[in-house]
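Engineer: Dropping a structure here in structure tokens format, bear with me for questions.
Values quoted throughout were computed directly from the atomic coordinates according to the rules given, and no laboratory measurement underlies them. Fair warning: this is a prediction, and the values are worked out from it, not measured in the lab. Virtual Cβ from ideal backbone geometry, glycine too; neighbours counted across all protein chains shown.
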Amino acid sequence: MGAYCCDSSQDTNLRPGVDTSLARKEADTMMNQPIKIEYFGGSFGRVDPIRQMLVHKSVDFKFIGYTPDSWASLKESGNSGEMGGLPIVHYGGGQGRQQTMAILRSLGAMHGYYNPSDWKTCAFVDMVAESYNDVFNAAAKAMLFTPDEEKPAAFEALRDGLVKKFMRICETRFEQNAAQMFIASDEMTIADFCLASFVFNTLKNELSPIQPVLSPMLLKFPLFTAYTKRLEKEVSAHIERRPKAPL
Ligand SMILES: N[C@@H](CCC(=O)N[C@@H](CS)C(=O)NCC(=O)O)C(=O)O
């Protein structure tokens, strides 16, 4: 029984009537359908870990970039999806999906960067990915929705609060796993694409308004900084080719 619990080849014996080979065929077909990403043009933004991951895997996708005005008209027409926010990603047929982290996990599972059956690794990968998302939200608020005169204090508060905690989590991981290539293991996971966005869109992006305040943190976390060089090798082709943007 123990073996059956873990061995998916036995599924049909456990659940008569469920043809897993058909389900797998359907999953393969869905995987080969074209991906379309809708987001704001001219910025890296919230969708960036998803884009970086697809480029890393050489998965073709179509990108539709909105301006604030064209997005506002789409919203007015009622075509902004169930959640009413970007990104909207179309894959696997059917309707467009929303909620960035959910899409990242699902496409990550499809392309080998997230293994939902490995709960232990997922616990850490998700912790990094969700912490990145918290940092992204706070940085976006500080850069885009804070009055200019309050920005310096907001940037410093972010650096000394969330960003420091986030980088400390990563540093500790490498202290405990000195020979490890990437944040969760020797293989890239969705967490590494979140970190690639954090590092190359913010910490090392000279156009980012928050970069001068955050980048000195690299000096405080030497193992993290060494990791950014390994990460750069994985994503540099894309980073160097894409148009530059402040956020
Ligand atoms: N929880 C959502 C948040 C989506 C969101 O707020 N997206 C912003 C862009 S980063 C947006 O669409 N803003 C314009 C709007 O809400 O109309 C996610 O993670 O995808």
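Engineer: Based on the Cβ-Cβ distance from T146 to A226, what FRET efficiency comes out when R0 is 30 Å, to the nearest 0.05?
Structural biologist: Once rounded, the FRET efficiency stands at 0.35.
Engineer: Another question, if that's okay. When the scattering of the range 178-247 is computed by the Debye formula from its Cα atoms alone, each counted once and equally, what is log10 I(q)/I(0) at q = 0.22 Å⁻¹?
Structural biologist: -1.01
Engineer: Right, here's the next one. Over 16 Å, how big is the tail of the calculated P(r) for the range 38-102, in percent of all Cα pairs?
Structural biologist: Taking all Cα-Cα pairs of the range 38-102, the fraction more than 16 Å apart is 47 percent.
Engineer: Among 116-128, 89-101, 185-197, what's the highest-first ranking by average C-beta atoms within 10 angstrom per residue?
Structural biologist: 185-197, 89-101, 116-128
Engineer: I've got another one for you. Each label point is 7 Å from the Cα along the Cα-to-Cβ direction; what then is the distance between the points at R241 and S43, in nm?
Structural biologist: Reported label-point gap for R241 and S43 is 2.5 nm.
Engineer: Let me ask you something else. Which residue, P68, P212, P222, has the most motion in a Gaussian network model of the chain that connects Cα atoms within less than 10 Å?
Structural biologist: P68
Engineer: Rounded if a/c is under 1.5, else prolate if a/b is larger than b/c, else oblate: which is the range 119-241, with a ≥ b ≥ c the root eigenvalues of its Cα gyration tensor?
Structural biologist: The shape class here is prolate.
Engineer: Which lysines, if any, have their Cα less than 29 Å from the Cα of K75, not counting same-chain residues under 8 positions apart?
Structural biologist: Partners found: K36, K62, K141, K244.
Engineer: Also, I was wondering about something else. Among DSSP beta bridges whose residues both lie in the chain, state the antiparallel percentage, nearest 5.
Structural biologist: Of those bridges, close to 40 percent are antiparallel.
Engineer: Could you please tell me the mean projected area of the C-alpha convex hull for the chain, averaged over all directions and given in square nanometres to one decimal?
Structural biologist: Answer in nm², one decimal: 15.9.
Engineer: Report the charge-dipole magnitude of the range 138-247 in Debye, nearest 20, computed about the Cα centre from +1 at each Lys and Arg Cβ and -1 at each Asp and Glu Cβ.
Structural biologist: Here the size comes out at about 80 debye.
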